[in-house]
Amino acid sequence: MLLLGGFVASNFIAARLSAPVEKLAVDSEKNRAQRKRAEAALASTSEELKRSTRYSADASHQLKSPVTVLRAGLETLLAREDFKPEVYHELSALLHQTHRLTGVIDDLLLLSRLDAGHLQLESEPVNLSQLIEEWLDDLGALPDSVEVKIDKKFPAELYVAGEKRYTSLIVQNLLENARKYNRSGGCIRVAAHKKNDEVVVTIGNTGPAIGCAAQEHIFERFHHSSGGTAVSGHGLGLNLARELAQLHGGDLRLVRSDDDWTEFEVRFRVAQQAPSRAAKVI
């Protein structure tokens with residue numbers, strides 16, 4: 001009887017203990033199946049993103065050749081002297097549009113490289129103050145430029161870590177926006193200073209404010225926010241500027257846009273060592 005009772009008790013205990021183990025095995029199999037489905041979905045999404053990136057890059061490359069041919073033809077026509085003045089005006093406008101289209105294509109190519117993770121920076125000390133000065137000098141030469149006052153406050157030599165052409169592109173996009181969305185007789189204010197291990201740049205301008213609803217989307221690609229003006233744009237500048245700023249280890253954000261004032265802030269990493277004066281002379 002004791003042996004029989006012990007046998008029954010042991011079977012009962014074994015059954016009680018085996019139930020959680022069996023449940024754990026079932027749950028483990030379910031988790032394995034879910035993991036496989038998640039991995040398959042991730043691989044599919046990754047492949048779709050690669051295809052989309054390749055398509056953008058290929059399409060951009062294909063567009064460059066006809067645009068170049070079109071621009072050359074317009075320049076040849078402008079060199080003739082047997083057209084009426086209004087014809088020259090139309091040809092000049094078309095030529096300007098080819099330059100805009102080239103800018104869009106270049107931005108798309110750069111964004112496709114960013115999406116694919118193929119854009120590698122060759123970091124070096126870049127004189128941000130010099131870049132800002134150069135682009136401020138160029139603002140007045142841009143088409144349809146309005147008369148604005150330039151207010152600037154930054155040291156003559158403020159070095160950041162980055163690649164010069166991409167750092168320059170960030171500054172260019174922000175300053176061109178400050179000019180495009182300004183008003184005649186308005187102001188552009190540029191300030192920069194070093195704060196700990198960062199360089200903080202603020203670029204503000206007078207003009208119509210960006211609506212509250214639009215502010216949430218201004219860094220999205222192909223988003224247009226003209227603040228109620230008829231200013232044209234392709235909606236890539238701010239997105240590209242922020243992507244490049246983040247690639248440099250910094251960031252770009254909208255500080256405010258209200259009461260006739262819009263201001264952006266971009267941050268860069270401070271260059272660990274500025275070029276020596278001897279290297280500058282060379």
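The values are calculated or read from the model by the stated rules, or taken from the named source; none is laboratory data. Predicted model, so just to flag it, every value in this text is computed and none were measured. Backbone-built Cβ (ideal geometry, glycine too); neighbour counts: all protein chains shown. Only protein heavy atoms, including side chains, enter the accessible area calculation; ligands, DNA and RNA are left aside. Shrake-Rupley method; radii C 1.70, N 1.55, O 1.52, S 1.80 Å.
Data overview
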{"item": "Residues of region 74-118 classified as outside any helix (DSSP H, G or I), loosely packed, with under 12 Cβ neighbours inside 10 Å and over 28 Å from the mean Cα position of the chain (by Cα), total", "result": "5"}
{"item": "Subset of region 162-183 [open to solvent by less than 10 Å² (accessible area, probe 1.4 Å) and more than 14 Å from E243 (Cα to Cα)]", "result": "L175, A178"}
{"item": "Filtered residues of region 219-255 (kept if at pLDDT below 80 and of a type in the set (G, A, S))", "result": "S225, S226, G227, G228, A230, S232, G233, G235"}
{"item": "Residue in region 121-131 that is polar (S, T, N, Q) and in a helix (DSSP H, G or I) present", "result": "yes"}
{"item": "Those residues of region 184-197 which are exposed (fewer than 15 other Cβ atoms within 10 Å of the Cβ) and closer than 20 Å to S257 by Cα, in sequence order", "result": "S184, G185"}
